[in-house]
Structures are given as C-alpha cells and as structure tokens.
Amino acid sequence: MMMLLITNVRIVLPDAVLERGWIRLEGRRIAEVAEGDPPFPGGRAVDGRGLTAIPGIIDLHGDMLEREVEPRPGAEFPLDMALFELDKRLAAAGVTTAYAALSFWDNEGREVSRKQELVRRMVETIHAMRDHLLVEHRVHARFEVSTPSVVPLLAALLAAGKVELLSLMDHTPGQGQYRDIEHYIGFMSKWRRIDPEHVEVELRERMERAGTLEQRWALARDIVALAADRGLPIASHDDDTAAKVDLVASLGAGLAEFPVTLEAATEARRRGMYVAMGAPNALRGGSHSGNLSAREAVAAGVVDCLAADYHPGTLVQAAFGLARDGVASLPAAVALVTSGPAAALGLADAGHITTGARADLALVEDGPRPRVRATIRGGTPIYWDSAMWGRDA
C-alpha cells in the first residue's frame, strides 16, 4: 500500500486552520492529520512548506467539454482528445471530481456541440475513458424542459445509469436567467456571432413552441421520476422567484444552481435546498448576465457551493479571494468548492481533510494570485509542477 506523508503544511480543516501540520495518506484514504511534526519517519515524505493543503476540489457544473470539442463554430475535435485535454486542465486547477454539464435541449440552428448525437457520444466517451483519466469525471445532464424532443435520449441514458446528476432548466426568454429579452437578444447575437434580427426571429419561434409554463414542466416530472428511481441528486437552474423555487422543490430538487435573485436563493435555503453559484461570478464580483452577484449571496450566507461553470481556474481563485477579502473565513470559503458540493451531491467521504476521508488534496501556494502546485487523487499525485521539485525527503 502506497504511503505519502506531507509535512510542514498549512491545513484547511472543516472548521479550522492548522498553520503547521502534517497529513499521512495510506492507499486511497487519509490515515492521519495532526499539528506539529509527525512522530515517525518512513515512506515517501514531501515538504509542504509555504503551501496550503485543501481537499480536492469538486466541480458540480462545468460547461467546458462542449467548448473543448468545438472551440470555434464548425471546428470539431475528436472526443477522446478533447476529454484528455480538459482532464489535464482540471487536474492543474486542483479538481479531483468533475461533473461535465452536458446540455439536453432542442438544438435546431445551434452549434454542433449541442446536437443530440454528439451529446450521446460525449456521455459514452466519459464512461469509456473513466479509468484512463486523472480526474474522476461524472455526467451532469442539463435538461431543457421546453424541448420534449430530447426526452427519449435522456431517458435512455438515465435508465442505463450513464447520468450522475440531473438539472432542470428553462431558458425560455422572459423569465429565469433571461428575464430581460433585449439582454437575451444582445447576448446571443454576440455569443453566436449572428445578426440580432435573426436571434429575434428564432426567439419568437421558440417561444411559440415552448408552450405555457405548465406545459413546459409537465415532462420534467417524468424525467425526475426516472432520476429519483436511481437515487440521483436533482438540481434546478436559474431560479428567479420564490414561486419558481416552490415549483422545483415540489418536483424533488434539492439543489438550486445559479439563482438569479437573492429572493430565489434565500427561498431555496429556507426550504433546505443547497445553493450553488458560479465561481467566475464570485471572482469577477458580478454576473456577466447582470443577475445576482455571487459575492453578495455568499455575504448573505445563502451559498453552499461554487461551480466552475465555464472556467475551472476560477474555483481556487474565488475561494481564496473570498477569504482574502474578508467575505468568508478560509475554511468557509474553501468549503464552497469542497465539502459544500460533496454534501449537495451525496459524496460523504469527499470534500474534507479528516481521517478516513478520500485522499484527495490540492496543495496551493497562497498569495495575491493563488497557484495550485500539486493535486492528489486517491493518494496518487495527478498534477505535480516544478515548484514541487526537490521537496521529497
């Protein structure tokens, strides 16, 4: 059994910080954590001086794979190559568990990465390559409730056990993330590099197809039932009102992703739901869509998790930045990217540095711009940069 000892390291515990301590890893588990000097020699030892040990980061929502496959419209790359490259980026960002957020919605007129066949292949590739990747990759299915055409594929993947997290989203403009229709038209025009008038025509057609709120969410109940039968966590997406939170809670959602108003975030928390905000939002100090500020929500005490959304490097930057700016204590800020997501996703043995927990760690060099210097998953280093050279005793 492999043993690894990390000494002279600052350790972020669930509710405290050990300024100088040590962590002993045996096999895939944390065997011991303590302050001061270890009472025994032996095995492989690494000097953690100047570094901060945090639990391996858990990203519950990362949109990166679709963009890795198609970084520019029409420029599609092989799926295995895309996943290998993203895997390295995640490991270097301190991530040890990543949920690839894949969109299940009607993709007519959208880029190739949104097409159902490619989404199916993405799911199959993740499962086929799992044992050959650095990070533990899981599938987060984002179901657009206004598009019934995706239901057969999503239902089949759920039944086959190929999905680990289901989220329900309604991107029909006029509510949710795109309450401001003019903002939606402007954003989509820039994002897709097309004329705003074309977006407006598509928008009118889409709103006609979407039907009423009740019609859009009728299918969600059937999909949620399939996911619940497999014991999957259920999330909602872009809730904007207490009424919307009431609706998704009645369907069994236990996680509110990216609520767009403080009202919705507060109501979700009142109902016992976990709340996730975007790490890019927290790092930048505001939403790129003009919605709820993650920092404001963290300061209000209604956030449990931060997600990479579209940039994995923001996870550690946001957590340490929130602590540095006094928005949250270091243990509370780190929990947003570790134990918070673990609790929301039912990963009981992950997200904390305690005896018996998974030996998933990130070693961070703190500073004005923190840097992940090493990442360990299951007791094995999966990222080890030049700053770690010569630290082995």
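The values are calculated or read from the model by the stated rules, or taken from the named source; none is laboratory data. Fair warning: this is a prediction, and the values are worked out from it, not measured in the lab. Here the Cβ positions follow ideal geometry from the backbone for every residue, glycine too, while neighbour counts run over all protein chains shown.
Checked against (1) assigned to a loop (DSSP other than H, G, I, E, B); (2) buried (at least 18 other Cβ atoms within 10 Å of the Cβ); (3) among the aliphatic types (A, V, I, L, M), residue 25 passes all but a single condition, namely (1). Taking each residue of the range 374-393 that is closer than 21 Å to residue 85 by Cβ and of a type outside the set (A, V, I, L, M, F, W, C) and looking for partners that are surrounded by fewer than 16 Cβ atoms within 10 Å (Cβ to Cβ) and at pLDDT 95 or above with beta-carbon atoms closer than 9 Å, six or more apart or interchain, yields 377/28; 380/28; 383/88. Residue count for the range 246-269, restricted to those that are more than 22 Å from residue 148 (Cα to Cα) and either without any contact (Cβ under 8 Å) to a residue 12 or more places away in the chain or assigned to a helix (DSSP H, G or I) (or both): 9. Among the numbered conditions (1) within 21 Å of residue 30 (Cβ to Cβ); (2) in a helix (DSSP H, G or I), the only one that residue 281 does not meet is (1). Just give me the residues in the range 335-354 being buried (at least 23 other Cβ atoms within 10 Å of the Cβ), hydrophobic (A, V, I, L, M, F, W, C) and within 13 Å of residue 273 (Cα to Cα), in sequence order. Result: 344, 345.
Any chance the range 176-190 includes a residue that's buried (at least 20 other Cβ atoms within 10 Å of the Cβ) and either in the same structural domain as residue 362 (by TED's automatic domain parsing) or modelled with pLDDT of 65 or more (or both)? No, the range 176-190 has no match at all. Taking the stated definitions as given, is residue 325 surrounded by fewer than 18 Cβ atoms within 10 Å (Cβ to Cβ), modelled with pLDDT of 95 or more and closer than 20 Å to residue 134 by Cβ? No.
Note on the range 314-393: enclosed helices (runs of 4 or more DSSP H) holding 1 or more residues that are hydroxyl-bearing (Ser, Thr, Tyr) and assigned by TED's automatic domain parsing to the domain that holds residue 231 are 314-324, 339-345. When the range 343-363 is filtered for residues that are under 19 Å from the mean Cα position of the chain (by Cα) and hydrophobic (A, V, I, L, M, F, W, C), the ones remaining, listed by number, are 343, 344, 345, 347, 348, 350, 361, 362. Of the residues making up the range 76-126, those that are more than 22 Å from residue 235 (Cα to Cα), of a type in the set (Gly, Ala, Ser) and modelled with pLDDT under 95 are 109, 113.
The residues on offer are 269, 295, 284, and the sole one that is of a type outside the set (A, V, I, L, M) and farther than 20 Å from residue 319 by Cα is 269.
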